[in-house]
1. Please work out which residue is surrounded by the most Cβ atoms within 10 Å (Cβ to Cβ), limiting yourself to segment 113-129 and to residues that are assigned to a helix (DSSP H, G or I) and either touching a His at 6+ places or on another chain (Cβ under 7 Å) or of a type outside the set (S, T, N, Q) (or both).
2. Scanning for something at negative phi, over 21 Å from the mean Cα position of the chain (by Cα) and surrounded by fewer than 18 Cβ atoms within 10 Å (Cβ to Cβ), does segment 189-203 turn up at least one residue?
3. Suppose the filter is under 21 Å from the mean Cα position of the chain (by Cα) and over 23 Å from Arg198 (Cβ atoms); does Arg26 pass it?
4. Could you tell me whether any residue of segment 64-80 is under 21 Å from Arg21 (Cβ atoms) and at pLDDT 95 or above?
5. Among the numbered conditions (1) buried (at least 24 other Cβ atoms within 10 Å of the Cβ); (2) assigned to a strand (DSSP E or B); (3) hydrophobic (A, V, I, L, M, F, W, C), tell me where Ala96 comes up short.
6. Among the candidates Ile168, Ile158, Ile163, which residue alone is without any contact (Cβ under 8 Å) to a residue 40 or more places away in the chain, buried (at least 21 other Cβ atoms within 10 Å of the Cβ), out of contact with any Phe, Trp or Tyr (no Cβ under 9 Å at 6 or more places or on another chain) and aliphatic (A, V, I, L, M)?
7. For residues in segment 1-57 being in a helix (DSSP H, G or I) and among the small types (Gly, Ala, Ser), which is modelled with the highest pLDDT?
8. Spot the failing condition for Met175; the list is (1) at pLDDT below 95; (2) more than 30 Å from Ser356 (Cβ to Cβ); (3) surrounded by 14 or more Cβ atoms within 10 Å (Cβ to Cβ), and only one is missed.
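The values are calculated or read from the model by the stated rules, or taken from the named source; none is laboratory data. Remember, it's a predicted structure, so these values are computed and weren't measured experimentally. Reconstructed Cβ throughout: ideal geometry from the backbone, glycine too, with neighbour counts over all protein chains shown.
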Amino acid sequence: MKILFLVTRADNIGGSHIHVRDLANRLIEDGHQACIGMGGPGPVVNHYMCHGLETIIIPDLNREISLLKDYHAYRGLKKVMKDFKPDLVSAHSSKAGFLGRLAAKALGIPVLFTAHGWSFTSGKSWINRNIFLQLEKIVAPISKKIITVSDYDRKLAINNLNIRPDDIITIHNGMPDIELESINNKKAENVEIVMIARFDNQKNHIELLDAMHKLNGYHIHFIGDGPLKDKVQKYAEALHIDSKITFWGRLDSVSEVLEKSDIFALISNWEGFPRSTLEAMRSGLPVVVSNAGGAGEAVEHGVTGYIVEKGDVNSLENYIKTLLLSEEKRKEMGLRGRQRFEALYEFEIMYQKTLSIYKEMLV
């Protein structure tokens with residue numbers, strides 16, 4: 001098979017980019033051909049090239065809506081498809097998904113779209129939700145299949161788009177396993193809490209700080225960068241807990257920090273199916289996540305961690321306090337989370353399900 005992947009952003013490496021990278025690499029290992037077309041230049045392009053992946057830059061492909069640039073991006077996508085001659089186009093992210101499906105349809109190439117969280121999901125502004133909903137209604141019927149990374153997003157699509165339930169399937173994210181020195185042998189003066197999240201409107205670091213500032217015996221590790229980082233730092237200073245927080249910035253690998261941590265938190269306004277939660281479960285951590293989109297689907301509430309309603313600061317405080325006070329509960333939940341990761345979210349599971357969809361589309 002010859003697969004052309006399409007993604008939009010090149011400025012910040014996110015979960016969808018790693019998803020595409022891992023799929024492309026594995027396809028190549030299995031003897032298939034894979035190429036990635038994307039906007040750029042940027043660190044994502046460099047990341048793909050460092051991993052030996054053929055990457056083609058489509059300069060006018062970007063997130064902002066511009067009729068002229070989008071037209072040029074559409075033509076650029078058609079040229080890439082004509083040159084590479086893929087058997088299948090696999091589009092990821094909203095803009096690449098919209099223009100890529102139009103271009104593939106014009107050339108008669110089967111096209112698959114993977115939604116890593118819909119742009120018309122709750123939590124975003126009403127105007128943006130409505131715009132992207134109308135755009136998605138136009139191109140959804142073009143896709144021979146749609147993959148969502150959460151059941152929440154599958155239901156959202158069925159309820160809002162003109163699409164048959166048989167044409168949309170949930171395939172949860174998966175990632176390669178790692179060897180751990182020990183799941184239950186973390187020793188530190190404080191309980192170490194880690195949140196891996198970009199500082200932007202999608203995440204809610206401030207809600208976590210509101211829940212934490214009255215508690216004691218912890219240290220927070222924030223991994224990520226983004227435009228709201230300064231705001232969060234100043235808020236931590238105003239609460240007089242800045243000495244209890246380490247701002248790491250963006251890290252290429254988070255495994256070392258996770259292995260030294262005791263609790264994982266992901267407090268969000270909207271989500272698809274976050275990979276960071278799987279990384280935490282893989283490392284044997286209990287997780288506390290917002291009930292936002294599909295964020296809670298990986299979690300067994302009260303068994304592998306806790307799911308908290310958005311804006312419920314009191315419950316968030318109580319869940320974290322429970323984990324702070326009980327090393328036994330942290331260990332038990334972390335072990336259960338690790339077992340759940342092994343059973344459901346290893347990369348091989350996701351890859352085989354995705355590969356079967358590719359093959360099905362080409363029959």
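1. Looking at the filtered set, the residue picked out is Arg129.
2. Yes; the residues of segment 189-203 include at least one that is at negative phi, over 21 Å from the mean Cα position of the chain (by Cα) and surrounded by fewer than 18 Cβ atoms within 10 Å (Cβ to Cβ).
3. Against the criterion (under 21 Å from the mean Cα position of the chain (by Cα) and over 23 Å from Arg198 (Cβ atoms)), Arg26 qualifies.
4. For segment 64-80, residues under 21 Å from Arg21 (Cβ atoms) and at pLDDT 95 or above: present.
5. (2)
6. So the residue among Ile168, Ile158, Ile163 that is without any contact (Cβ under 8 Å) to a residue 40 or more places away in the chain, buried (at least 21 other Cβ atoms within 10 Å of the Cβ), out of contact with any Phe, Trp or Tyr (no Cβ under 9 Å at 6 or more places or on another chain) and aliphatic (A, V, I, L, M) is Ile168.
7. Ala24
8. (2)
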